[in-house]
């Protein structure tokens, strides 16, 4: 069952307030991975954790102080959509203990953040679906 989303109008944007929960999730997960980094026993694991931390940091930095103009005529992404995605991600990621599984989920979060940065509604919706699917596997 699909639901129709409103289409973005010329003045629609995601402001810093709308993006704050996503930026917060990214920053929180950078810190949370420090525990996994301390416990990592191989260089391969350390490199994988640091790569994800770098990806999280890059997206968090890109979202700082930003207002994203939504592409007119595409799906209108709102602060509520961003908050829902963040809530769902936090709920699952915070329960996951296996580092590889957590890193995979965080990869989907990074992809979602990258899509949000484009302002393209269809890209955000696509990334949200991928994130939802990843979270359902991690749940």
A correct fewest-to-most ranking of 42, 118 by other Cβ atoms within 10 Å would be 42, 118
Under a Gaussian network model of the chain whose springs join Cα atoms within less than 10 Å, the largest fluctuation of 51, 89, 113 belongs to 51
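Seen from all sides and averaged, what is the projected area of the convex hull of the Cα atoms in the range 47-112, in nm²? Walk me through the intermediate numbers first.
Values: hull surface 20.6 nm².
For the Cα atoms of the range 47-112, the hull's average projected area reads 5.1 nm².
Once the Cβ-Cβ distance between residue 16 and residue 84 is put in as r, and R0 is 22 Å, what FRET efficiency do you end up with, to the nearest 0.05?
0.75
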Here, residue 100 and residue 31, labelled 7 Å along Cα→Cβ, have an inter-label distance in nm of 2.9 nm
Taking Cα atoms only, helix 79-93 is inclined relative to the longest principal axis of the chain by an angle, in degrees rounded to 10, of 20 degrees
Taking a crude spin-label model, label points 7 Å out from Cα along the C-beta direction, the residue 136 to residue 47 distance in nm is 3.4 nm
Given (i) 9.1; (ii) 8.1; (iii) 10.6 as possible values of mean projected area of the Cα convex hull in nm², the one from the coordinates is (ii)
Expressed as a percent, the portion of alpha-carbon pairs in the range 81-139 spaced more than 12 Å apart is 61 percent
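Which whole-number percent is the relative contact order of the chain (Cα, under 8 Å, 6+ apart)?
Values: 172 pairs, mean separation 46.1, N = 139.
About 33 percent, as a whole number.
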Note: residue 9 to residue 91 extended length (0.36 nm per residue) minus current alpha-carbon separation gives 26.3 nm
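FYI, it's all coordinate maths here, none of it is from the lab. Everything numeric in this text was worked out from a predicted model, so none of it was measured. Cβ: placed from backbone, ideal geometry, glycine included. Neighbour counts: every protein chain shown.
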